[in-house]
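Comments concern the structure below.
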Amino acid sequence: MTASSPCPLRWPAEAVWEAAAPLLPGFSVEVLPEIDSTNSELMRRLKGGPGRPPQPEPLLLVAEQQSAGRGRLGRQWQSRRGDSLTFSLGLPLAPAGWSGLSLAVGVAVAESLEPAPLGAPRIRLKWPNDLWLATPDGERKLGGILIETASWGGVRHAVIGVGLNVRPVALPGADPAAALPAVPPGCLQALSAGLDAPAALLAVAPALVRAVLAFEHSGFAPFAARFAARDALDGRAVQLSDGTQGTARGVGQGGALRVQTASGPVEVTSAEVSVRPVPGAPAAPEPPC
Ligand code: BTN
């Protein structure tokens, strides 16, 4: 194989369809060799355009390569053919509330890839949309979730994008002389050596469909304990992008992040806020009762 004729990836589109179609009338699966972003493409298809009727039916769109993958808070999402799994699920959805959907999706993705951990789960969930992998060298970002919504014909639709690192990648431009070398991302093959992007899709996609439908029916409650079992931040000192510091204390029944601060407990729901653990910091002391 040469760079111009890469190994074909054998996508289990039919098996994914067979697993999910009974749950989602009108469901289809499509694999594209390249697109800017599977989320952007599903949004465009939902709205339609000149000579292109809207496509409101449930669709799982996989891209072997994204040229302009998007992450949360306007960030880029970098991925490479075969090294990553990038897909989006678009469907009409009418939950009672949307808060906690990204956490429910994270639970489904993590559990489908690591169904029965022997001890502490290695795939952890960092509120609100990151998947981390615990490695002997510390936690590494394994993947992320980007959820967007749009209305068509008076019906709200969700586009749920999932990006997972599958194979280890060398960091382009990593400077060996840098005081703090760039940290390579985590990858699924560090968890399960033989796993490739198509196999990961077959594990994740049906579980994702089931989880989204369960969320539509019952909200975040059925996922709360399962999220807690993989909560990467619980009990850790954290800093929010709005400057708030405190100790993460799990998530509420609606999926809000609970943070104990010096001035009392706060609940974070804003999609605009990012949170990071403070490296090496002990958990902040509790305020006096
Ligand atoms: C994040 O970590 O901020 C979320 C990353 C989400 C990336 C996925 S890849 C498939 C889908 N298409 C995109 O452009 N983004 C999501």
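Just so you know, all these numbers are worked out from the coordinates, no wet-lab data involved. The model shown is predicted, which means the values in this text are computed figures rather than measured ones. All Cβ positions, glycine included, derive from the backbone under ideal geometry; neighbour counts span all protein chains shown.
A few remarks follow.
- For Gln66, net neighbour charge (Lys/Arg +1, Asp/Glu -1) across residues whose Cβ lies under 13 Å away: -2
- Remark: segment 140-153, residue by residue, has Karplus-estimated 3J(HN,Hα) of 10, 5, 9, x, x, 10, 10, 10, 10, 10, 7, 9, 9, x Hz, where x stands for each Gly or Pro and the curve is 6.51 cos²θ - 1.76 cosθ + 1.60 at θ = phi - 60°.
- Local charge for Ile35 was computed over the other residues whose Cβ lies under 15 Å away, with Lys and Arg +1 and Asp and Glu -1, and equals +1.
- Global geometry of the chain, whether rounded, prolate or oblate, following the gyration tensor of its Cα atoms and the 1.5 cut on a/c: oblate
- Arg236 long-range amide H proximity, modeled H, under 5 Å: Ala248
- Calculated FRET value between Leu23 and Leu73, using beta carbons and R₀ = 45 Å, to 0.05: 0.90
- The mean sequence distance of close C-alpha pairs (under 8 Å, at least 6 residues apart), as a share of the length of segment 13-232, puts its relative contact order at 22 percent.
- Exposure proxy shown here: for Ser37, Ser263, Ser218, the number of other Cβ atoms within 10 Å sets the order, fewest to most, as Ser263, Ser218, Ser37.
- Here Arg167, Arg10 are placed in order of increasing Cβ neighbour count within 10 Å, fewest first, which gives Arg10, Arg167.
- Each of Val105, Val169 has some number of other Cβ atoms within 10 Å of its Cβ, and from fewest to most they run Val169, Val105.
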